[in-house]
Amino acid sequence: MERDTQFIGQSGAFLDAVERTSRAAPLRRPVLVIGERGTGKELIAERLHQLSKRWAEPLITLNCAALPETLIEAELFGHEGASKPVRVDVRIVAATNEDLPRLAEEGKFRSDLLDRLSFEVITLPPLRVREGDIRVLAEYFGRRMASELRWEDWPGFSDAAMQQLEDYQWPGNVRELRNVIERAVYRWDDWGTPVSHIVFDPFDSPWKPSPMMTAGSGRATGAPSSAPAAPAPSVQLDAISDLKAAVDAHEKAIVEQALARHRYNQRQTAKALGLSYDQLRHCMKKHGLMERGG
């Protein structure tokens with residue numbers, strides 16, 4: 001898939017990260033870029049390179065996690081069967097979605113390496129906190145997809161569809177937003193009217209394989225699930241007059257129970273609920289649970 005090379009957004013948090021990138025670019029110092037998946041870490045690295053004095057030199061991208069420990073030094077800096085050391089002139093820009101200070105405290109990441117990498121640390125904001133940017137990005141990706149499909153005009157999104165987009169938490173950030181928008185546009189048949197159908201999960205289907213079925217056999221395995229299933233909520237449908245309020249109340253109850261079960265350890269709670277730490281914190285703040293869970 002073609003990767004975007006443009007910085008699109010208007011929120012203060014986003015513009016601050018871009019401005020810090022521009023200021024750090026001319027320096028001959030390492031930079032550490034941190035952010036959730038899909039927030040644009042590679043774009044920041046490219047901007048650091050393009051605005052530096054090394055812009056005409058190669059920018060080499062390397063996934064260090066895929067390298068054996070015995071080969072990483074040679075892959076990073078090259079090797080020669082020589083008897084004298086060879087000096088190299090490089091600038092290292094590292095990117096990760098991990099909490100490196102925490103990993104260093106746990107002995108899972110070298111503290112001295114962290115010190116060397118973190119002359120400047122640029123932390124990218126997740127899309128869910130970039131106020132106003134979801135609408136801007138949705139229009140940009142939607143208009144571009146409509147042009148690729150050779151629509152005569154771009155009708156935009158319906159108010160209801162745009163509200164869905166702005167209410168969603170975007171765990172995959174901008175990368176996920178692009179997929180959702182482009183999928184919605186290309187599936188829309190009535191291009192003369194605003195796009196109103198949004199599919200967030202492309203795997204959602206009544207025919208998707210059940211986790212309790214054996215591959216290729218069509219039989220239930222009978223193996224216990226790794227985690228107990230959440231009990232089905234008891235809901236009096238006739239009593240619901242506000243669906244959003246009912247969903248929010250149920251979400252709050254689930255989070256409260258999970259926090260209590262894990263003795264208010266937020267990282268364990270987030271893992272148990274399948275959320276990132278930041279997503280759990282956002283949910284707790286939304287429901288006024290920060291004081292008790294802090």
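Quick notes
- Residues in the range 108-128 that are more than 22 Å from the chain's Cα centre (by Cα), in contact (Cβ under 8 Å) with a residue 40 or more places away in the chain and part of a loop (DSSP other than H, G, I, E, B): Phe119 only.
- Which listed residue, of Glu105, Glu80, Glu131, is among the acidic types (Asp, Glu), out of contact with any His (no Cβ under 8 Å at 6 or more places or on another chain) and touching a residue at least 12 places away in the same chain (Cβ under 8 Å): Glu131
- Candidates Lys285, Lys208, Lys252 - the one that is charged (D, E, K, R), part of a loop (DSSP other than H, G, I, E, B) and at pLDDT 75 or above: Lys208
- Test: residue in the range 258-272 that is among the small types (Gly, Ala, Ser) and more than 21 Å from the chain's Cα centre (by Cα): yes
- Checked against the criterion of being assigned to a loop (DSSP other than H, G, I, E, B), surrounded by fewer than 16 Cβ atoms within 10 Å (Cβ to Cβ) and among the hydroxyl-bearing types (Ser, Thr, Tyr), the range 260-277 has at least one qualifying residue.
- Of Arg29, Arg20, all but one fail to be surrounded by 14 or more Cβ atoms within 10 Å (Cβ to Cβ) and either within 19 Å of the chain's Cα centre (by Cα) or not hydrophobic (A, V, I, L, M, F, W, C) (or both); the exception is Arg20.
- Among the candidates Asp89, Asp99, residue that is out of contact with any helix residue (DSSP H, G or I) (no Cβ under 9 Å at 6 or more places or on another chain) and more than 25 Å from Val180 (Cα to Cα): Asp89
- Residue in the range 69-76 that is exposed (fewer than 10 other Cβ atoms within 10 Å of the Cβ) and touching a helix residue (DSSP H, G or I) at 6+ places or on another chain (Cβ under 9 Å) present: no
- Subset of the range 21-41 (residues that are farther than 24 Å from Arg135 by Cβ and outside any loop (DSSP other than H, G, I, E, B)): Ser22, Arg23, Ala24, Val31, Leu32, Val33, Ile34
- Looking across the range 42-55 at every residue that is over 25 Å from Gly132 (Cα atoms) and charged (D, E, K, R), the one that is surrounded by the fewest Cβ atoms within 10 Å (Cβ to Cβ) is identified as Lys53.
- Among the residues listed as Val86, Val90, the single one being out of contact with any strand residue (DSSP E or B) (no Cβ under 6 Å at 6 or more places or on another chain), of a type in the set (Val, Ile, Thr) and under 27 Å from Thr21 (Cα atoms): Val90
Each row is one residue, and each column tells you yes or no for (1) modelled with pLDDT of 95 or more; (2) under 17 Å from the mean Cα position of the chain (by Cα); (3) not basic (Lys, Arg); (4) not in a loop (DSSP other than H, G, I, E, B).
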position	(1), (2), (3), (4)
Glu139	yes, no, yes, yes
Met145	yes, no, yes, yes
Asp153	no, no, yes, no
Met162	yes, no, yes, yes
Leu165	yes, yes, yes, yes
Ile181	yes, yes, yes, yes
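The values are calculated or read from the model by the stated rules, or taken from the named source; none is laboratory data. Keep in mind that what you see is a predicted model, and the values were worked out from it rather than measured. Don't worry about glycine lacking a Cβ; one is built from the backbone with ideal geometry, like all the others, and counts go over all protein chains shown.
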